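> One structure coming up, written as structure tokens, with questions to follow.
Nothing in this text is a laboratory measurement; each read-out follows from the coordinates by a stated rule. In this text, all values refer to a predicted model and were calculated from it rather than measured experimentally. Every residue, glycine as well, gets a Cβ built from its backbone with ideal geometry; the counts of neighbours run over all protein chains shown.
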Amino acid sequence: QVQLVESGGGLVQAGGSLRLTCAASGRTFSNYGMGWFRQGPGKALEFVAHINWIGSSTSYADSVKGRFTIARENAKNTLYLQMNSLKPDDTAVYLCAASRSRPGVSIVEYDYWGQGTQVTVSS
């Protein structure tokens, strides 16, 4: 089993930046593909980005492409999400997730989830 804990959320003005961190513990972090999802107020959980086990392949939702960057440091058991040019529509709880197989855009492809960190973007 993998335990995931997100941090780095907060309140930021539109146009600002935040870096989210997901700390993993338990089984070998490098065995898992990883993803970021978010859930805005009154909205369903949606895919943000994913990265393969070694960090050589990434994918992004169209809504964040060019603004967000997903990365990982396997030696530190840590996943990151660098968020730039933030917009009010980015306001959401952001969750990281681990996949025992190839990571994808669907929540059913992930086996372990963190509790989330709140990101609020003011206009």
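> Report ³J(HN,Hα) in whole Hz for each residue of the stretch 31-36, in order, from the Karplus equation J = 6.51 cos²θ - 1.76 cosθ + 1.60 where θ = phi - 60°; Gly and Pro get x.
Per residue, the Karplus-derived 3J(HN,Hα) values read 7, 10, x, 10, x, 10 Hz.
> Given labels modelled 7 Å from the Cα in the Cβ direction, how far is it in nm from ALA71 to ASN52?
Once both label points are built, they end up 2.0 nm from each other.
> At 7 Å along the Cα-to-beta-carbon direction for both ASP89 and GLN13, put a label point, then send me their distance in nm to one decimal.
For ASP89 paired with GLN13, the spin-label model returns 2.2 nm.
> Now for a different question. Among GLY40, GLY55, GLY26, which one moves the most in a GNM of the chain with springs linking Cα atoms closer than 10 Å?
Largest GNM mean-square fluctuation: GLY26.
> What FRET efficiency do you get for ALA23 and SER101 if R0 is 35 Å and r is their Cβ-Cβ distance, rounded to the nearest 0.05?
The calculated FRET efficiency here is 0.95.
> Now for a separate question. Relative contact order, percent, of the chain when contacts are C-alpha pairs under 8 Å separated by at least 6 residues?
36
> Okay, next question. Tell me the trypsin sites (Lys or Arg not before Pro) within the stretch 9-107 that lie in a loop according to DSSP and have at most 16 other beta-carbon atoms within 10 Å.
Values: sites: ARG19, ARG27, ARG38, LYS43, LYS65, ARG67, ARG72, LYS76, ARG100; in loops: ARG27, LYS43, LYS65, ARG67, ARG100.
Passing both the DSSP loop test and the Cβ count: ARG27, LYS43, LYS65, ARG67, ARG100.
> For the chain, I need the span (max minus min coordinate) of the C-alpha atoms along each principal axis, in Å, sorted largest to smallest.
40, 26, 25
> Another question, if that's okay. Expressed as a rounded percentage, what relative contact order does the stretch 60-120 have, with Cα pairs under 8 Å and six or more residues apart?
27
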